[in-house]
Amino acid sequence: MGLNLLDISEFRNLASVKLYPIAKGFNFICGQNGSGKTSLLEAIYYLSLGRSFRSFQIDRVIRYSANKLSIFGHVSIDPAQLVSHIPLGLERHRDGKIKFRINGEEANSITELASLLPVQLIDSNCHHLLDSGPVFRRKYLDFGLFYQTKDFLQAWRHYERALKQRNAALRSHVSRKEIDIWTNELIHSAQLLDQLRCGYVDLLIPLLINALTELLPLTDLKITYLKGWENSKSFGEILHKTVERDYQLGYTQFGPHKADLRILINDIPAKDILSRGQQKLFVCAMILARGTLLQSHANKTPIYLVDDLPSELDVVSRSSLIRLLSKQKAQVFVTATENNVLDGFSINIPTKMFHVEHGHVNEMNASETEYKE
Ligand SMILES: Nc1ncnc2c1ncn2[C@@H]1O[C@H](COP(=O)(O)OP(=O)(O)O)[C@@H](O)[C@H]1O
Ligand SMILES: [Mg+2]
C-alpha cells in the first residue's frame, strides 16, 4: 500500500507538482531549506487526514495567491487484485469547504480516505509523544485502534458524547438521579473503550521492545497503560466516589479521556532521562511498532513520512532507523537538505530520488544522484 502517483496543486509553495514515487521502497527528497520538502510530506499527510501537521489554520496551507488547494493520488493495492490502484482526491477552499473523492465518487468523510491511506509521521515535533501531555499518547494509541477495529470509532464517539452530556449536566447542577443516568451511559461506553485500548497495548508493547532493541537498547524499561482512573478500581466505583467533586468542578475528573502510557526507565520518567536524540529514537520505535501492528493485525501498511532525517540523529542511529524502516517493506518518504544522507547505508529495497527547488520537484536518475549544488 503506497502512492504511485501524486499530483499536488497550490499547496504552500508547490504550485503544480506531479511525481511517481515508488509504492514500496524509499523515496528520498532532497533540496535546500525552504525549497518545499516538508510541504511535500505535509501534502501526503493532508490527503490522508484532511489537516496539516504544521498549522491548524486552514488557509495557511493554500498557496498565497490561490483560492483552493488540491491533492490527488493513486494508492497502489495488492497486485493480485483486478484493479491495481485506487484514485483518491481532496480539494480544500479558502472558505473551509472540503471535498473528498475516492474512485471518482464523492466520499462522505475524511475517515474514508484515512482508512485507505494510513500515514505515520516522524518529524522534529515527534518528541511530544514522550515529553508532552497524555493527550499525545492517547492519540497515538487511538490512531492504531482506528485501523485495528471497526468498533473503536463507534466506542470512542459514544464515550465522547456521554462525557459531554454528563459534564453539561454537572455544570447545570441537575439532580443526582439525572446525573446517574449519564454516569451509567458513561460507564458502559468507557468499559468498551478501555477494553479495546488494553488489548491494543498488550499487542503493542512487545513490538515496541523489539524495535527498541535495534534503535535504543534500554535496561529496566517499564511501560504501563493507565486507564484514566486508579487501575485497580472499577470505573463505577471511582465515579461514585468523586461525584461531589465533579459537581463542584463542573466536569468529570476521571475516565478514558485521561488515559495515558507511563514510560519509566529505572523508575524515572523516560523524558527526564533520555537526551533529545534518544527521545527521538524512542519515539521512532513507538511509531514503527504501531506500523508493524497495523500490518500484522489490520492488514494495512502505512506510509512513513520522515522529515529531516539527519536532525538529532548521529550516523549510527540514522543507519539503524533506515534499516528498520526498510524492513517494514512499506513506502517511505525521507527528506534531507543534503543528497548524500543515504550514502554508505545498505538499503535493500528500491529507492527513488527527487530534488526539490523553489517548489518544483524533479526525479533524479541514478547518475544524477551525484548532483551537487
Ligand atoms: N501558503 C503558502 N503559500 C506559498 N508559499 C508558502 C506558503 N506557506 C509556506 N510557504 C513557503 O514554502 C516554502 C517551503 O517551505 P518548506 O516546505 O517548509 O521547506 P523545506 O522543508 O524544504 O525547508 C517556504 O519558503 C515558505 O515560506
Ligand atoms: Mg523542512
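Scanning region 128-157 for residues that are among the aliphatic types (A, V, I, L, M) and free of Cβ contacts under 8 Å to residues at least 60 places away in the same chain gives V135, L145, L153, A155. Among residues of region 297-310 that are in a helix (DSSP H, G or I), none has a Cβ under 7 angstrom from a residue that is within 11 Å of ligand 2 (Cβ to nearest atom) at a sequence gap of 6+ or on a separate chain. Would region 293-306 turn up any residue that is within 16 Å of ligand 1 (Cβ to nearest atom), under 14 Å from the mean Cα position of the chain (by Cα) and at pLDDT 95 or above? Yes: one or more hits.
Against the condition at negative phi, assigned to a loop (DSSP other than H, G, I, E, B), aliphatic (A, V, I, L, M) and more than 16 Å from ligand 2 (Cβ to nearest atom), how does V83 come out, does it pass?
So V83 passes the test.
When the residues of region 17-29 are filtered to those that are of a type in the set (A, V, I, L, M, F, W, C) and not in a strand (DSSP E or B), the one that is farthest from ligand 1 (Cβ to nearest atom) is A23.
Of the candidates S275, S296, the single residue that is surrounded by fewer than 18 Cβ atoms within 10 Å (Cβ to Cβ), closer than 30 Å to K352 by Cβ and of a type in the set (G, A, S) is S296. Taking the criterion of being surrounded by fewer than 24 Cβ atoms within 10 Å (Cβ to Cβ) and among the β-branched types (V, I, T), the residues of region 12-43 that qualify are V17, I22, T38.
Can you name the residue in region 55-64 that is assigned to a loop (DSSP other than H, G, I, E, B) and more than 8 Å from ligand 1 (Cβ to nearest atom) and, of all such residues, is surrounded by the most Cβ atoms within 10 Å (Cβ to Cβ)? Checking each candidate, the answer is S55.
Inside region 30-50, residues that are within 28 Å of I98 (Cα to Cα) and within 15 Å of ligand 1 (Cβ to nearest atom) make up a count of 13.
Within the option set V334, V341, being surrounded by 16 or more Cβ atoms within 10 Å (Cβ to Cβ), at pLDDT below 95, over 25 Å from R197 (Cα atoms) and of a type in the set (V, I, T) holds for one residue only, V341. For first residues located in region 255-270 and on the phi < 0 side of the Ramachandran plot, partners that are small (G, A, S) and not in a strand (DSSP E or B) and lie 6+ apart or on another chain with Cβ distances below 8 Å form the pairs P256/A190; P256/G228; H257/G228; K258/G228; A259/G228; D260/G228; I263/A270; L264/A270.
The values are calculated or read from the model by the stated rules, or taken from the named source; none is laboratory data. Quantities reported herein were computed from a predicted structural model and do not represent experimental measurements. Glycine also receives a Cβ, built like all others from the backbone with ideal geometry; neighbour counts cover every protein chain displayed.
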